[in-house]
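Notes for the one structure printed next.
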Amino acid sequence: MNDTPGWTSPGSAPSDGQDGPGVPRPAAPADENGSAPQWSKDQPPGGQWSPPTQQAPPPAQGPGWGAPPPNVQWGKPPAAKPGVIPLRPLGMGEILDGAVKTLRTYWRTVLTITVLVALFSQTVSVLAQRYLVPQVPATNPDASPAELLEESIEAAQVSLIGMGPSLLVTLMASVASAALLTVVVSRAVLGRPVTLGSAWQEARPRLLQLISLTLLLAVLGAGVVTVALLPGLLVGGGAGAFLAFFGALGGLVAVVWLMVRFSLASPALMLERQGVFPSLKRSAKLVQGSWWRIFGITVLTQLLIFVFAMIIAIPFTIIGIAVDGNGFSGLLSGSSTTFGWPFLIVTGIGGVITSAVTYPISAGVTVLLYVDQRIRREALDLELARSAGLPGYGPAPGTQTAGG
């Protein structure tokens, strides 16, 4: 482990079948030619190692003998806490609290990252909605159910094609934000400040691989859903619709399982300097045996983020509709769903505010879940304590001991 967010070198974790650097081991026995300290040659003669037959009487016991001092409780000492989390296995509340503390403690760096990324992605999204998304064709009220289904599919295809560039830019922006915030959170665990420049310096060499990992997971999810729907689409008719429904349900379950299994691949790639496929394997090993716990924390986090996003988005949407008179009248009449610049700008501001707060919470929970799993499985807390320079854990990596 070093004093950068990398913590360990690739492939050195015990969960990969090796003993990790953070796991304490007994000292190796010394041999005759070893460099370890040897027994002294001047040993006492045999028969002199027995304990004395007479022992001194115990001291007199005064009042309060054996009782702990006031306000002192015997038990396990509190875990070291150099940064935003205590260095021990974490509970769900501590993980969420650590993500929020990172935002509060390093708000200058965090908000600089998220606001810049959100401004860029929202600007592209507004321009795409204004100029690239074609107007959805009006539906025929007298159409049959089959025709209505066909019109709905066509409208969805038109919207997806028009929003494709915006979705791609938003994905890339979220990847860049996650990379930078991973560095910030890893430093926050050690209680060390980090600037935007140093975070970019750490994250930049890994961006291309992180983008590849994100796209690979997206393609994997789409492929699983396609394979699950394929039998129903090939059969067609009522039986095909039945198969497609249950196929979609099974595909959704499989995608959720895979996404949770590989949810720690991103911090493994960033902090352990691993490649795309080794990071996926690393995540699978860390998640093994804790799938339901990680699933529950992730779902709760996303639910809280969704509620917060709605609290911000609904008022801005209402204000945007009220400001954009043409869009409001068109919405009431049902003749148009295309809004003008006032609506897009107002809702874009709401989107920037939402993203600036939700990005660091989501990224922080993911990184802290990764740290928590490594603490539970690999005693990473000992390595983190040494990196933070806490007394009693040995010298920090990269420092010279006396006489060394």
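Read the figures in this text as sums done on the coordinates, not as results from a lab. Computed from a predicted structure; not experimentally measured. As a convention, Cβ positions derive from the backbone with ideal geometry for all residues, glycine included, and neighbour counts pool all protein chains shown.
Quick notes on this one:
- Across every pair of non-identical alpha carbons in region 208-272, the mean reciprocal distance, once inverted, gives a Kirkwood radius of 13.0 Å.
- Modelled FRET efficiency - R0 45 Å, Phe308 with Leu234, Cβ distances, 0.05 increments: 0.60
- Between Leu300 and Ser212, residue separation times 0.36 nm minus the direct Cα-Cα distance comes to 29.0 nm.
- Shown for Phe343, Phe277, Phe120: other C-beta atoms within 10 Å of each C-beta, ranked fewest to most, produce the order Phe277, Phe120, Phe343.
- Model label zone, Lys81; criterion: amide N under 14 Å from point 7 Å along Cα-to-beta-carbon; scope region 175-208: 189-191
- Euclidean distance between Cα centres, region 339-360 to region 90-134, Å: 11
- In this simple spin-label approximation, Val253 and Arg130 carry label points 7 Å from Cα along the Cα→Cβ vector, and these lie 4.7 nm apart.
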